[in-house]
1. Hey, can you tell me all the residues within region 130-146 that are assigned to a helix (DSSP H, G or I), closer than 20 Å to residue 164 by Cβ and open to solvent by 10 Å² or more (accessible area, probe 1.4 Å)?
2. Scan region 277-296 residue by residue and report those that are surrounded by fewer than 20 Cβ atoms within 10 Å (Cβ to Cβ) and under 16 Å from residue 336 (Cα atoms).
3. Count, please, the residues in region 20-50 that happen to be closer than 13 Å to residue 355 by Cα and open to solvent by 20 Å² or more (accessible area, probe 1.4 Å).
4. Quick one: residue 40 ticks every box in (1) in a helix (DSSP H, G or I); (2) more than 25 Å from residue 126 (Cα to Cα); (3) in contact with a strand residue (DSSP E or B) (Cβ under 9 Å, 6 or more places away or on another chain) bar one, so which box is it?
5. Within region 65-73, identify whether any single residue is closer than 28 Å to residue 351 by Cα and either part of a helix (DSSP H, G or I) or open to solvent by 40 Å² or more (accessible area, probe 1.4 Å) (or both), and answer yes or no.
6. State whether one or more residues within region 257-276 are touching a helix residue (DSSP H, G or I) at 6+ places or on another chain (Cβ under 6 Å), open to solvent by less than 10 Å² (accessible area, probe 1.4 Å), in a loop (DSSP other than H, G, I, E, B) and touching a residue at least 60 places away in the same chain (Cβ under 8 Å).
7. For region 109-128, indicate whether the set of residues that are over 17 Å from residue 3 (Cα atoms), open to solvent by 10 Å² or more (accessible area, probe 1.4 Å), assigned to a loop (DSSP other than H, G, I, E, B) and basic (Lys, Arg) is non-empty.
8. Being open to solvent by 20 Å² or more (accessible area, probe 1.4 Å), of a type in the set (D, E, K, R) and on the phi > 0 side of the Ramachandran plot is the requirement here; does residue 316 meet it?
Amino acid sequence: MKKILFLNTCMAWGGGEKWTFETAIELHKRGYEVTIASIPESELYQRVEKEGVTTKKVLVKGSLSVLNLAKLFSFVNYLKKEKIDVIFLNLSQDLKFGALAGKLAGVDKIIYRRGSAIPIKDRFYTKFLLKDCVTDIIANSKSTKETILRNTSHWLDEDKIEIIYNGVKLDKIRNIKRSNIREEFGIDEDMTLIANVGRLNIQKGHKYLIEAVDLIRSEIESFRVLIVGKGELEEELKEKVKNLDLEKHIIFTGFRTDIYNIMSQIDFLLHTALWEGFGFVIAEAMAVGKAVVSTDVSNISEIIVDNKTGYLAESKNPMDIAKKILKMINNQNRDEMGQLAKQVIEKEFNFVDKVNKLENLYFDKN
C-alpha cells in the first residue's frame with residue numbers, strides 16, 4: 001500500500017483542515033500508511049493525535065519557510081527516509097515548501113488541493129511549482145477550477161486538474177449526539193431559529209448578515225440567529241450588534257464542535273460569504289434536511305438549486321439577503337425544500353464516494 005503524507009500547516013480549523021483530517025482518517029482505515037504533517041499547536045495536529053494516525057512536526061510558518069534551506073532539506077531527507085509515495089498540499093505556503101521538497105525527494109505523486117475560488121497569480125515561481133513540481137491538482141468545485149485557470153491557462157494543462165467535491169460523512173449525521181439548543185440559549189419553540197456557521201472573518205460576510213437582520217426585524221420579531229464560530233472580527237461584530245440593538249435577535253455561540261446537532265434543530269441555514277471554495281457548511285446543513293439562504297458566490301450554485309433547495313441572494317446586498325430570509329421564514333414548504341436538499345447531498349456529495357474517486361485516480365493499490 002502507498003505511503004501518504006498530508007502537509008497542512010494552518011493553525012486554525014476550516015474547510016481545508018476538515019477535508020485533510022477526514023480524508024486522512026478514512027485512508028488510514030483503508031490500510032494506507034498515512035502521516036499528517038503540521039504545526040504541533042494547530043487544531044488539526046491536536047485532533048489527529050487523538051485518532052492514532054502518525055503525525056510529523058513541520059514548522060512551516062509563512063511563505064518564506066521555503067528559503068530556510070536547513071528546514072527544507074531536513075524535510076526532503078524525511079520524505080526520502082520514509083519513502084513517501086504521495087504528498088497532499090493545501091495552503092499556499094505548503095505548496096511552496098512541500099512541492100519543492102517533494103520534487104527534490106523524488107515523491108511519485110505531488111498533489112495540490114485547491115479549496116479557494118480566488119484566482120492564482122501568474123508568477124514565475126507559481127509556474128515552476130504547478131507545472132514542474134506538482135503532478136496533479138484537485139479543485140473542489142467547477143468554480144475553483146475556473147479560477148485556477150484564469151491567469152494560468154496559457155501554461156497550465158487543464159487536464160492536470162481534477163474536480164473532486166467535498167463529501168459529507170452521512171454516517172456521522174445518522175449518529176448525532178443530541179442536546180437541546182433552544183433550551184441552552186433560551187429560545188422559545190415558536191421562534192424561527194436560523195444559524196450561520198463559519199469563522200468570524202471578512203470572507204464570511206457577517207457585516208451584511210447583521211445589516212440584513214436589522215432590516216427584517218421591522219417586519220417580523222419572532223426569530224433568532226445563532227452565529228456559530230470564532231475569529232478576528234468577533235469583538236467588532238459584537239459591537240455592531242450592540243450598537244444596532246440586535247442582541248435579542250443575534251446570539252454569538254463561540255466555537256462549537258456539535259455542528260450537526262445545531263443544524264438538526266434550526267429551521268434553516270443563513271450563509272453570507274463573499275467568496276468560497278466549496279461552502280462545506282451548506283452541504284452539511286442540506287445533509288440534515290435543512291434549506292439554505294446563501295449569497296450567490298463562487299461555487300454555491302453548484303450545491304444549492306435556487307428556489308428548490310434554498311434561495312440565492314446577491315452578495316454584499318443586505319436588502320436582497322433580508323428579502324430571501326423573509327421569503328424562507330414565510331415559506332410553508334420549507335421542510336420539503338430541506339428534504340430535497342438532503343437527497344441532493346446523498347446523491348452528489350457522499351464522502352465515501354469522493355474518497356473512492358480519490359483512491360481510484362491517484363493510488364495504485366498493489
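1. Correct list: 142, 143, 145, 146.
2. Looking only at region 277-296, we keep the residues that are surrounded by fewer than 20 Cβ atoms within 10 Å (Cβ to Cβ), and these are 289, 296.
Listed by number, the list holds a single entry, 289.
3. 5
4. With respect to (1) in a helix (DSSP H, G or I); (2) more than 25 Å from residue 126 (Cα to Cα); (3) in contact with a strand residue (DSSP E or B) (Cβ under 9 Å, 6 or more places away or on another chain), residue 40 is out only on (1).
5. No, region 65-73 contains no residue that is closer than 28 Å to residue 351 by Cα and either part of a helix (DSSP H, G or I) or open to solvent by 40 Å² or more (accessible area, probe 1.4 Å) (or both).
6. Yes, some residue in region 257-276 is touching a helix residue (DSSP H, G or I) at 6+ places or on another chain (Cβ under 6 Å), open to solvent by less than 10 Å² (accessible area, probe 1.4 Å), in a loop (DSSP other than H, G, I, E, B) and touching a residue at least 60 places away in the same chain (Cβ under 8 Å).
7. yes
8. On the way: open to solvent by 20 Å² or more (accessible area, probe 1.4 Å): yes; of a type in the set (D, E, K, R): yes; on the phi > 0 side of the Ramachandran plot: yes.
Yes; evaluated as a whole, the condition is true for this residue.
The values are calculated or read from the model by the stated rules, or taken from the named source; none is laboratory data. This structure is a prediction, so every number in the text was calculated from the model and none was measured. Glycine gets a Cβ as well: all are built from the backbone with ideal geometry, and neighbour counts include every protein chain shown. For the accessible areas, the whole protein counts, side chains as well, though only heavy atoms, and no ligand, DNA or RNA atoms are used. Shrake-Rupley method; radii C 1.70, N 1.55, O 1.52, S 1.80 Å.
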